[in-house]
Amino acid sequence: MRGNGRGREAVTTPASLEHLSAFGHGRANWTGHRAARMLACIAMSAATPTTIRPAVAADLDAILRIYNDAILTTTATWDEAPWTMQQRRAWFATHGPSQPVLVAEVQGAVAGFAYLTRMSEKSGWRFTREDTIYLDPPFHGRGIGRLLLGALLDEARTLGLRLIVASITAENAASLALHRALGFETMGTLHNAGFKFGRWLDTTYLQLDLGPPATSHRQDVV
Ligand SMILES: CC(C)(COP(=O)(O)OP(=O)(O)OC[C@H]1O[C@@H](n2cnc3c(N)ncnc32)[C@H](O)[C@@H]1OP(=O)(O)O)[C@@H](O)C(=O)NCCC(=O)NCCS
């Protein structure tokens, strides 16, 4: 548990990750080996007991709603038109084991989601991923983002990935703080790279170097 001096509820800490336990696979195309490596995290916070688990098709309604709300109300994403469920299903189909999708569940509701995406289809980029994370607004500021992104980074390490990149709208203080709190370093800002809600936007690139993956994992990365 931790306080943050900003009047938020007591929230979970990475220490909660010590409660990781084996979790069954949520997607039919995941191998048993892969499933055995996927973990569920039960965060024992009095304020917000949170489960981190792989996303399943039944989560897509919530994922679509959370992301479309962010499209319409924030500059966190530079998408301007809401996605359709057809787009979201197609996206999910492309996110197999090497581009995992996790959700945070609170009292049976999807509070948010996070995933890894390849930066490029060129083979030399295969150890690099970009991360994405969105929480439903009622769940902001309770430590759930830290828990969810932390679990995603654990998954990246298990996959044998090397570099995780975040491209964050420069005015998005919460996401910048979250990534920096988890060890990301700021690499630079592109000015006027985006345009939304009638104004120009900057994006800041951050990276987390996970170190050289173990040789035994390298064959797994695609
Ligand atoms: C960004 C987001 C994922 C952060 O998740 P969260 O659960 O709200 O953040 P947490 O409560 O886990 O806080 C993580 C860290 O960020 C800090 N933080 C959180 N909100 C903050 C804010 N508004 N301003 C400054 N710092 C903030 C916390 O103090 C904490 O740091 P600490 O652990 O050193 O105290 C969440 O706010 C969100 O989904 N926002 C909308 C979508 C979005 O911006 N996605 C990212 C796109 S790049």
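Search segment 187-213 for residues being assigned to a strand (DSSP E or B) and aliphatic (A, V, I, L, M), and hand back the single one that is nearest to the ligand (Cβ to nearest atom).
First pass over segment 187-213, keeping only residues assigned to a strand (DSSP E or B): 187-196, 199-209.
Right, trim to aliphatic (A, V, I, L, M) and you get 187, 190, 193, 201, 206, 208.
Values: M187: 14, L190: 14, A193: 14, L201: 12, L206: 10, L208: 14 Å.
For segment 187-213, the residue satisfying everything is L206.
Filter segment 132-156 down to residues that are part of a helix (DSSP H, G or I), within 16 Å of the ligand (Cβ to nearest atom) and without any contact (Cβ under 8 Å) to a residue 60 or more places away in the chain, then give me how many there are. Can you show your working first?
Just the residues of segment 132-156 that are part of a helix (DSSP H, G or I), to begin with: 137-139, 144-156.
This time we only want the ones that are within 16 Å of the ligand (Cβ to nearest atom), so: 137-139, 144-154.
Narrowing further to those that are without any contact (Cβ under 8 Å) to a residue 60 or more places away in the chain: 138, 145, 149, 152-153.
Residues meeting the conditions: 5.
Go through (1) more than 22 Å from T94 (Cβ to Cβ); (2) surrounded by 13 or more Cβ atoms within 10 Å (Cβ to Cβ) and name the single condition A151 misses.
Going through the list (1) more than 22 Å from T94 (Cβ to Cβ); (2) surrounded by 13 or more Cβ atoms within 10 Å (Cβ to Cβ), A151 breaks only (1).
Could you tell me whether any residue of segment 205-219 is at pLDDT 95 or above, surrounded by 13 or more Cβ atoms within 10 Å (Cβ to Cβ), of a type in the set (F, W, Y) and farther than 27 Å from E105 by Cβ?
Looking for residues that are at pLDDT 95 or above, surrounded by 13 or more Cβ atoms within 10 Å (Cβ to Cβ), of a type in the set (F, W, Y) and farther than 27 Å from E105 by Cβ, one finds at least one in segment 205-219, hence yes.
Which members of segment 157-186 meet the condition of being near the ligand (Cβ under 7 Å from one of its atoms), over 14 Å from the mean Cα position of the chain (by Cα) and buried (at least 16 other Cβ atoms within 10 Å of the Cβ)?
Result: T169, N172.
Is at least one residue of segment 116-126 near the ligand (Cβ under 8 Å from one of its atoms) and either of a type in the set (D, E) or within 24 Å of A62 (Cβ to Cβ) (or both)?
Going residue by residue through segment 116-126, those that are near the ligand (Cβ under 8 Å from one of its atoms) are none.
Scanning segment 116-126 turns up no residue that is near the ligand (Cβ under 8 Å from one of its atoms) and either of a type in the set (D, E) or within 24 Å of A62 (Cβ to Cβ) (or both).
Need the failing condition index for R129 against (1) touching a strand residue (DSSP E or B) at 6+ places or on another chain (Cβ under 7 Å); (2) within 8 Å of the ligand (Cβ to nearest atom), just the number.
Here R129 meets the rest and fails (2).
Please tell me if A76 is within 12 Å of the ligand (Cβ to nearest atom), touching a residue at least 24 places away in the same chain (Cβ under 8 Å) and within 25 Å of P49 (Cα to Cα).
Numbers: within 12 Å of the ligand (Cβ to nearest atom): yes; touching a residue at least 24 places away in the same chain (Cβ under 8 Å): yes; within 25 Å of P49 (Cα to Cα): no.
In short, no.
The values are calculated or read from the model by the stated rules, or taken from the named source; none is laboratory data. The shown structure was predicted, so the numbers you read here are calculated from the model rather than taken from an experiment. Methodologically, a virtual Cβ is constructed for each residue, glycine included, from the backbone with ideal geometry; neighbour enumeration extends over all protein chains shown.
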